[in-house]
Amino acid sequence: MRTDDDSLLQSLYEGMFEAPLWRGFLNKLLAKTGADTVKLLFQPSDEERIIELSAGNAAVLDETMLPEGGRRIGDSIAFRAMRPNRVYAEDELLDLSDTKQRNVFSNAEKFKQLRAIRVTEPGGLDLWLLCSGGRNIGSATSALLTALAPHLQIALRSHAALERERFRSTITGQAFDRLKMGWLSLDAGCHIIDATDNLDQLFQWGSVLRRGRYDRLVPASPSIDRALTSLVKSYAVNRDARPQAFNLSKDPWVEMLVTPHQSLTFAGSRMPVAIVYISGDRRSQADRCDQLVDLFGLLPSEARLAWMLAHTTSISEAADALGLTVETARNYSKKIYAKTGARGHAELVRIILTSVLAIS
């Protein structure tokens, strides 16, 4: 049997993106072998759970090969003892010295023949492909499974890599979300190519950024829009240009850093020229001051000054922003330091910005 007949290999590689996985491949393999049942099982080597996919009469193997509920590899078939890339027949796998197993096998009218193969992935993932049926499940099916083995290994390795990247992406997304950060990539026309999953949330921070027509990134400020457009165009011709920061809003605080995209490789139809990192606060200054009152027992006036001190370089600047005299601000600051335990301006900034406010 040829593995490329009826687009069998194409369906194997495309199956990594189907839901459920490999549905088309299993159906094609079922038709090609004339089997009653085709099953694909895969399981990390250190876990009990398995993922089971099937086509055809899915009950056949459950009833005969795994008679006790059939979700633990090794109950009836020596799955773990199978050598990778070698095709096994039913008499090699069933424990025929076990009377109960022998009776199940001999009394199963639907079950005539079995061919199974195991492939492994360097990361510890195992895959088993099984075909069962009548007399036609014989040498031709064995030859087909042998020919499929290297392709199954590639598909398994690719699937494992995709799952690892999905996991990393999820964790990274959660970290960005907790840190109130995100990123997006832009082409030379400021059109969004890719972004973190929390992009829509970032756009809600003070409404200072939005997605325009044709997915163009549009700052609310016309002057920042012009500056961003010019900057991104310059990155298209000079990838060593200097990154530039923009303050988009002071209440709530939102800022972005625009950097040239250095890598020349990208898996997509459009090449990004710039990466935009967005950092901000989804809550207003008033909300944060209320939280400081709850956290440190500050008076509202002290909380306002503490929040301002966390975002300015001097007490005189903070006093001026709040309409206080420097002397009044100094008196407030002594109480703030006492209640927060800070021993100076720098430590106060650290305490406030790394408190639970950073993740709320």
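Table: residues versus (1) modelled with pLDDT of 85 or more; (2) part of a loop (DSSP other than H, G, I, E, B).
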position	(1), (2)
242	yes, yes
246	yes, no
256	yes, no
264	no, yes
282	no, yes
290	yes, no
295	yes, no
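If you go through the stretch 136-186, how many residues are surrounded by 15 or more Cβ atoms within 10 Å (Cβ to Cβ), of a type in the set (D, E, K, R) and under 25 Å from residue 353 (Cα atoms)?
Selection size over the stretch 136-186: 2.
So the check is Cβ under 8 Å with 6+ separation or different chains; which pairs have a first residue in the stretch 174-188 that's farther than 9 Å from residue 274 by Cβ and touching a residue at least 40 places away in the same chain (Cβ under 8 Å) and a second one that's open to solvent by less than 20 Å² (accessible area, probe 1.4 Å) and of a type in the set (D, E, K, R)?
Hits for this filter: 180/281.
Filter the stretch 77-104 for residues that are more than 20 Å from residue 143 (Cα to Cα) and either at pLDDT 75 or above or not in a loop (DSSP other than H, G, I, E, B) (or both) and give the result.
The answer is 77, 81, 94, 99, 100, 101, 102, 103, 104.
In the stretch 178-202, how many are of a type in the set (Asp, Glu) and over 20 Å from the mean Cα position of the chain (by Cα)?
So the count comes out to 1.
What are the pairs with Cβ atoms under 6 angstrom where one residue, in the stretch 139-167, is touching a residue at least 24 places away in the same chain (Cβ under 8 Å) and of a type in the set (Ser, Thr, Tyr) and the other, located anywhere, is open to solvent by less than 30 Å² (accessible area, probe 1.4 Å) and not in a helix (DSSP H, G or I)? Sequence gap at least six, or different chains.
141/131; 142/87; 146/87
Please go through the stretch 229-258 and pick out each residue that is of a type in the set (S, T, N, Q) and touching a residue at least 24 places away in the same chain (Cβ under 8 Å).
Residues of the stretch 229-258 that are of a type in the set (S, T, N, Q), as a first pass: 229-230, 234, 238, 244, 247, 249.
Passing the criteria: 229, 249.
The values are calculated or read from the model by the stated rules, or taken from the named source; none is laboratory data. Quick caveat: nothing in here was measured; it's all calculated off a predicted structure. Backbone-built Cβ (ideal geometry, glycine too); neighbour counts: all protein chains shown. SASA here: full protein model, heavy atoms, side chains in, ligands and nucleic acids out. Shrake-Rupley method; radii C 1.70, N 1.55, O 1.52, S 1.80 Å.
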